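Worksheet for the structure shown next.
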């Protein structure tokens with residue numbers, strides 16, 4: 001049993017080391033330690049969207065006093081999609097509807113410290129899903 005855990009830990013370490021060659025520390029952190037996962041107990045709007053790669057993101061948003069107070073996300077996506085979903089929910093904490101709607105894929109990518117070109121669609125999917133949820137509030 002301990003041997004299996006050691007093998008798993010070794011494999012996980014190799015995967016993380018390989019990811020460090022391609023992704024920023026912020027992307028890796030949001031993938032390994034995603035924030036705001038799941039559906040909040042209360043929310044005012046939500047939506048699900050699927051991207052060109054087949055990943056799907058659901059984003060839930062709750063407001064208090066005109067500002068985003070609660071967010072949550074679910075996804076069946078890859079590591080970069082998880083990281084983008086987590087990061088976008090962090091970026092909008094405390095924002096007004098208008099501020100959150102104005103966030104771009106480029107800003108999300110900058111927040112994450114960059115993404116390889118083949119993963120920029122993950123940021124666009126996260127931003128579009130957020131906007132889709134927020135559009136239900138207008």
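So the values come out like this:
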item: Evaluation of residue 118 against (1) under 14 Å from the mean Cα position of the chain (by Cα); (2) surrounded by fewer than 17 Cβ atoms within 10 Å (Cβ to Cβ); (3) in a helix (DSSP H, G or I) (one fails), failing number; result: (1)
item: Residue check for residue 11: under 13 Å from the mean Cα position of the chain (by Cα) and at pLDDT below 95; result: no
item: Only listed residue being surrounded by 21 or more Cβ atoms within 10 Å (Cβ to Cβ), farther than 15 Å from residue 37 by Cα, touching a strand residue (DSSP E or B) at 6+ places or on another chain (Cβ under 6 Å) and modelled with pLDDT of 95 or more, chosen from 123, 95, 133; result: 133
item: Out of 43, 31, sole residue that is surrounded by 14 or more Cβ atoms within 10 Å (Cβ to Cβ), over 13 Å from the mean Cα position of the chain (by Cα) and either at pLDDT 95 or above or assigned to a helix (DSSP H, G or I) (or both); result: 43
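Conditions tested, residue by residue: (1) under 13 Å from the mean Cα position of the chain (by Cα); (2) assigned to a helix (DSSP H, G or I).
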residue: 47; (1), (2): no, no
residue: 58; (1), (2): yes, no
residue: 63; (1), (2): no, no
residue: 73; (1), (2): yes, no
residue: 80; (1), (2): yes, yes
residue: 84; (1), (2): yes, yes
residue: 123; (1), (2): yes, yes
residue: 128; (1), (2): yes, yes
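The values are calculated or read from the model by the stated rules, or taken from the named source; none is laboratory data. Given the structure is predicted, the values throughout are model-derived calculations rather than measurements. In this analysis, Cβ positions are derived from the backbone assuming ideal geometry, glycine residues included, and neighbour counts consider all displayed protein chains.
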